[in-house]
Amino acid sequence: MKTPNMIRLLEMSIHAFALAVVWRGASAMMTGGVSTESLGIIQSIEPFAIPVAILAIIGSVAASQLGLRRWRKASGGSHRESVELVHETPRLDQQHEKIIKDLRKKLTELDQENSRLNLVLQEKNACLLQDTLTGIGNRLAYEERLQQEFRRWNRFGNPLTMLIWDIDHFKQINDQYGHAMGDVVLRGIAKLLARRIRSTDFVARFGGEEFVMLLPGADAEAALQLADQIRLDIAESRFENTDINLPVTISCGLTRFQAGDSPQSAFARADRALYQSKQAGRNCCTTC
Ligand SMILES: Nc1nc2c(ncn2[C@@H]2O[C@H](COP(=O)(O)OP(=O)(O)OP(=O)(O)O)[C@@H](O)[C@H]2O)c(=O)[nH]1
């Protein structure tokens, strides 16, 4: 037990003893007899009740003052502080412990909320860059990746080839079989395009029935070979929706990044190559 608590206990015991003596003395004086047997010790000092009571009160005050002064001297606090401390310290400790416990709980909750929000942010970011119909990258993803690959090409000078794909007569598919069938074809083509490329390559839906590809490390000849395989794959596939089973062809224009190129100039050249493929009768790949 701490010193102030001991002092307080001593003080309270002596006060209680003094009060018992005073009460017993007063009761004896008023009734002329003993009102209770439980206070046996007091019975024996009944004739001296009043003087003993006064002495007990003086003794209790002196003892408590002496004890507090000693404790005060050792701890360096004032009388008021020491008395307040006796009462307040346990309460303050409990309050501080509760505040710390609450703060820890809050921190844990904030940590969990932070992790949850990070996941939501990652999901939102992924959604922002994804084409909702086909599940591959969208135009924004393409713009981002193009900048990255262009900077790498500028810095290291490794070959970089760009391909633009366009489904042939797609408008006819929509008009003849409906938009739902058009969507089936778009999803199927996206899958076939993505299936044949390396993990370091990139494919996105540029918009409508147009797709773009970036093949870092591939020169125009290797890229043309790959493009032709993909084109053939698509031409040999069938796109199905309920009772419709449809063959579809695709055209491609490709170009290798050349000295002095910007992303825009390379895109314009690949687009010219695509136009030539369309002019040549479609279902073919052209390099420019
Ligand atoms: N089903 C579907 N159709 C789309 C979507 N986006 C664009 N289209 C359609 O794609 C068609 C593109 O037609 P065009 O640009 O004339 O090209 P095309 O018919 O493929 O002709 P060529 O490229 O010359 O072979 C239009 O009818 C658009 O409405 C889409 O998300 N879903």
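Scanning the stretch 260-287 for residues that are open to solvent by 50 Å² or more (accessible area, probe 1.4 Å) and either charged (D, E, K, R) or more than 13 Å from the ligand (Cβ to nearest atom) (or both) yields Gly260, Gln264, Asp271, Arg272, Arg282, Thr287.
So is Leu140 more than 24 Å from Asp228 (Cβ to Cβ), hydrophobic (A, V, I, L, M, F, W, C) and either modelled with pLDDT under 95 or touching a helix residue (DSSP H, G or I) at 6+ places or on another chain (Cβ under 7 Å) (or both) or not? Outline the logic, then answer.
Details: more than 24 Å from Asp228 (Cβ to Cβ): yes; hydrophobic (A, V, I, L, M, F, W, C): yes; either modelled with pLDDT under 95 or touching a helix residue (DSSP H, G or I) at 6+ places or on another chain (Cβ under 7 Å) (or both): yes.
Yes, satisfied.
Residues considered: Gly281, Gly260. Of these, the only one that is part of a loop (DSSP other than H, G, I, E, B) and either aromatic (Phe, Trp, Tyr) or over 26 Å from Phe156 (Cβ atoms) (or both) is Gly281.
Across the stretch 222-249, the number of residues qualifying as in a strand (DSSP E or B) and either under 44 Å from the mean Cα position of the chain (by Cα) or not assigned by TED's automatic domain parsing to the domain that holds His169 (or both) comes to 3. Which residue is farthest from the ligand (Cβ to nearest atom), if the candidates are limited to the stretch 130-141 and must be in contact with a strand residue (DSSP E or B) (Cβ under 8 Å, 6 or more places away or on another chain) and open to solvent by 50 Å² or more (accessible area, probe 1.4 Å)? The extreme case among them is Gln130. Scanning the stretch 158-211 for residues that are small (Gly, Ala, Ser), near the ligand (Cβ under 7 Å from one of its atoms), buried (at least 20 other Cβ atoms within 10 Å of the Cβ) and not in a helix (DSSP H, G or I) gives no hits.
Taking first residues from the stretch 239-256 that are at pLDDT 95 or above and open to solvent by 80 Å² or more (accessible area, probe 1.4 Å) and partners that are away from the ligand (no atom under 12 Å from the Cβ) and part of a strand (DSSP E or B), the Cβ contacts under 6 Å between residues at least 6 apart in sequence or on separate chains come to Arg256/Thr161.
The residues listed here are Glu144, Glu123; of these, the one that is free of Cβ contacts under 8 Å to residues at least 12 places away in the same chain, within 36 Å of the chain's Cα centre (by Cα) and surrounded by fewer than 16 Cβ atoms within 10 Å (Cβ to Cβ) is Glu123.
Among the residues of the stretch 212-221, at least one is surrounded by 14 or more Cβ atoms within 10 Å (Cβ to Cβ), part of a helix (DSSP H, G or I), more than 11 Å from the ligand (Cβ to nearest atom) and in the same structural domain as Glu149 (by TED's automatic domain parsing).
The values are calculated or read from the model by the stated rules, or taken from the named source; none is laboratory data. All of these numbers come straight from a predicted model, not from anything done at the bench. Please note: Cβ atoms are built from the backbone with ideal geometry, for glycine as well, and neighbour counts cover all protein chains shown. Accessible surface is based on the protein model in full, side chains and every heavy atom, while ligands, DNA and RNA are left aside. Shrake-Rupley method; radii C 1.70, N 1.55, O 1.52, S 1.80 Å.
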